[in-house]
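To keep things clear, I will list the structure first and then write my remarks on it.
The values are calculated or read from the model by the stated rules, or taken from the named source; none is laboratory data. Because the structure is predicted, anything quoted here is derived from the model rather than measured. Methodologically, a virtual Cβ is constructed for each residue, glycine included, from the backbone with ideal geometry; neighbour enumeration extends over all protein chains shown. Calculation scope for accessible area: heavy atoms of the full protein, side chains included, ligands and nucleic acids excluded. Shrake-Rupley method; radii C 1.70, N 1.55, O 1.52, S 1.80 Å.
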Amino acid sequence: MSSIWERGVKLPKFETVKSDKKVDVLIIGGGMAGLLCGHFLQERGVKYAIIEKGRIAGGVTKNTTAKITSQHGLIYSGLCRDFGQEKAAAYLRANELALAQYRKMAAEINCDFEEKTNFIYTTEDKGKILDEVEAVEKIGGKAIYPEQAEVPYKIEAAVGFAQQAQFNPLKFISAIAPDLAIYEESFATKIDKEHFGYSVTVVNGQGRTVKFNADRVIVATHFPFMDKYGMYFMKMYQQRSYVLALKDAAKVNGMYIGNRQKGDKLYNLSFRSYKDYLILGGCGARTGTKCGAFDELREAAKTYYPESKEAAAWATQDCMTLDGIPYIGRYTKKKEGLYVATGFNKWGMTNSMAAAMVLTGNMDKELAEIFRPDRSMMKPQLFINGLESAKNLMKPVGHRCTHLGCALKWNKAEKTWDCPCHGSRFEEDGPVIDNPAQKNLKG
């Protein structure tokens, strides 16, 4: 099971770290966010290093649907309501700057970058779309309100943002990564505060322990792996969703994603085209909970594109925050010099760029404030997360997550053990696939 982006793309390889190192900035995580942080620091002449436990772009980055947009669902009406128009406008501006930076970089890179209009559609509640259009216009954005959409079923309404983009993320990374200071097969296991800066314990590809000393550390590991700071295990959960690449299916000119929260998931799909393929996504659910997965998507493909052929199938995983805004900034208020980028809420490409710009000083501090990780946790999702954790901690089962001990669920679609509490995943015979778990299951 591999994504369409992996075909014909050869990413550069890097050695494991072999000895102790001293850098100004250590970036933990070699996905899109970490690599972009390294790219910007290198431009500024900062002494840095990126460490990745496996291969760069080997996790969520290679499994994205690769849309670059400042339209993250029907987010702006909610932001105006919960945070006010000024902060909603800051979130829009930050993501538009991220989109503009991709556009600038892609002008020099062959990464199949294409400008497209992005649409959020609904099949059931026109009022939510109208509220979003109004909110976007109030904060200075430009929203399109089309009467029709290219999706293969009737919609009630849609809202669009013009001049958004899509690309091939691995082609992009294959262009920016070769000159970066990267160590692969270098697994960060511990971060300790020293008198000056931080000491990071790393296990290299030969199983030896080495140390990185750094003035600043950026944790870009998808889900943060240190629980004693920041309460991220309470502030986030993970959601799994599924993707098919179809040949001989009708293509779309825009990028579409549904906003239906309940009901028949066959009417809540995402669509975009890439070369000769239609990229069909959906069937999202909290990791470790029951969902239709690939079977449901294949039913949709058979229903709407009966002549199509499946060319690829893959799954992705997203960190979901309490309020729909990523956590980008200080890992915790009291830890100066320790930073985090996480919680991209299904919009990882744009938010990766925004995160890198924030953490490397390439975005105004006024805009960066909206992403502060130490904002209020008093949101309904906090209690849902707590209830899910309590329920699965008390279940008397044999397989338990090595993170905090929650009962694991068997994912028959992917043949993995998944944690419904915080989203860790393990192969059938025990090796950890997705964090926050750091240790394999015992045999």
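It is to be established whether one or more residues within segment 222-232 are under 19 Å from G34 (Cβ atoms), open to solvent by 30 Å² or more (accessible area, probe 1.4 Å) and more than 26 Å from the chain's Cα centre (by Cα).
Scanning segment 222-232, I find no residue that is under 19 Å from G34 (Cβ atoms), open to solvent by 30 Å² or more (accessible area, probe 1.4 Å) and more than 26 Å from the chain's Cα centre (by Cα), so the answer is no.
For the list (1) touching a helix residue (DSSP H, G or I) at 6+ places or on another chain (Cβ under 7 Å); (2) in a loop (DSSP other than H, G, I, E, B); (3) at pLDDT 95 or above, I need the number of the one condition that D227 fails.
Failed condition: (3).
Looking at (1) farther than 27 Å from A100 by Cβ; (2) modelled with pLDDT of 95 or more, can you tell me which one Q148 breaks?
So the condition that Q148 fails would be (2).
Which pairs do you get when a residue that is over 26 Å from R286 (Cα atoms) and open to solvent by less than 30 Å² (accessible area, probe 1.4 Å), found in segment 315-341, comes within reach of a residue that is of a type in the set (V, I, T) and assigned to a strand (DSSP E or B), reach meaning Cβ atoms under 8 angstrom, with the pair 6+ apart or on two chains?
Note: pairs meeting the criteria are G337/V217; L338/I191; L338/V217; L338/V219.
Looking at segment 120-153, which of its residues are in a loop (DSSP other than H, G, I, E, B), open to solvent by 60 Å² or more (accessible area, probe 1.4 Å) and in contact with a helix residue (DSSP H, G or I) (Cβ under 9 Å, 6 or more places away or on another chain)?
Once the filter is applied, which keeps residues that are in a loop (DSSP other than H, G, I, E, B), open to solvent by 60 Å² or more (accessible area, probe 1.4 Å) and in contact with a helix residue (DSSP H, G or I) (Cβ under 9 Å, 6 or more places away or on another chain), segment 120-153 yields E124, G140, K142, Y145.
Of (1) touching a Gly at 6+ places or on another chain (Cβ under 7 Å); (2) buried (at least 23 other Cβ atoms within 10 Å of the Cβ), F212 satisfies all except one. Which?
Of (1) touching a Gly at 6+ places or on another chain (Cβ under 7 Å); (2) buried (at least 23 other Cβ atoms within 10 Å of the Cβ), only one is false for F212: (1).
So which residues in segment 154-188 are assigned to a loop (DSSP other than H, G, I, E, B) and either hydrophobic (A, V, I, L, M, F, W, C) or over 21 Å from the mean Cα position of the chain (by Cα) (or both)?
At the first step, the residues of segment 154-188 found to be assigned to a loop (DSSP other than H, G, I, E, B) are 154-156, 167-168, 177-181, 184-186.
Residues satisfying the conditions are K154, I155, E156, F167, A177, P178, D179, L180, A181, E185, S186.
Just name the residue that is farthest from I68 (Cα to Cα) out of those in segment 85-107 that are touching a residue at least 40 places away in the same chain (Cβ under 8 Å) and open to solvent by 40 Å² or more (accessible area, probe 1.4 Å).
The selected residue is Q85.
Looking only at residues in segment 35-75 that are of a type in the set (D, E, K, R) and touching a strand residue (DSSP E or B) at 6+ places or on another chain (Cβ under 9 Å), which one is surrounded by the most Cβ atoms within 10 Å (Cβ to Cβ)?
Across segment 35-75, the extreme among qualifying residues is E52.
Has segment 250-257 got any residue that is open to solvent by less than 30 Å² (accessible area, probe 1.4 Å) and at pLDDT below 95?
No, every residue in segment 250-257 fails to be open to solvent by less than 30 Å² (accessible area, probe 1.4 Å) and at pLDDT below 95.
Return the total of residues in segment 267-280 being crowded, with 20+ Cβ neighbours inside 10 Å and of a type outside the set (S, T, N, Q).
The qualifying residues number 6.
Take the residues in segment 363-380 that are surrounded by 17 or more Cβ atoms within 10 Å (Cβ to Cβ) and in a helix (DSSP H, G or I), then tell me which one is nearest to the chain's Cα centre (by Cα).
F371
Filter segment 2-34 for residues that are under 22 Å from the mean Cα position of the chain (by Cα), polar (S, T, N, Q) and surrounded by fewer than 22 Cβ atoms within 10 Å (Cβ to Cβ) and give the result.
S2 - this is the single residue of segment 2-34 that is under 22 Å from the mean Cα position of the chain (by Cα), polar (S, T, N, Q) and surrounded by fewer than 22 Cβ atoms within 10 Å (Cβ to Cβ).
If we keep just the residues of segment 384-419 that are in a loop (DSSP other than H, G, I, E, B) and farther than 30 Å from S186 by Cβ, which is modelled with the lowest pLDDT?
Applying the filter and picking the extreme gives V397.
Filter segment 107-130 down to residues that are in contact with a strand residue (DSSP E or B) (Cβ under 8 Å, 6 or more places away or on another chain) and aliphatic (A, V, I, L, M) and give me whichever is nearest to G281 (Cα to Cα).
I120
Residue-by-condition table, conditions (1) of a type in the set (A, V, I, L, M); (2) farther than 30 Å from F196 by Cα; (3) touching a Pro at 6+ places or on another chain (Cβ under 7 Å):
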position: G324; (1), (2), (3): no, yes, no
position: Y339; (1), (2), (3): no, no, no
position: F344; (1), (2), (3): no, yes, yes
position: K365; (1), (2), (3): no, no, no
position: G405; (1), (2), (3): no, yes, no
position: A413; (1), (2), (3): yes, yes, no
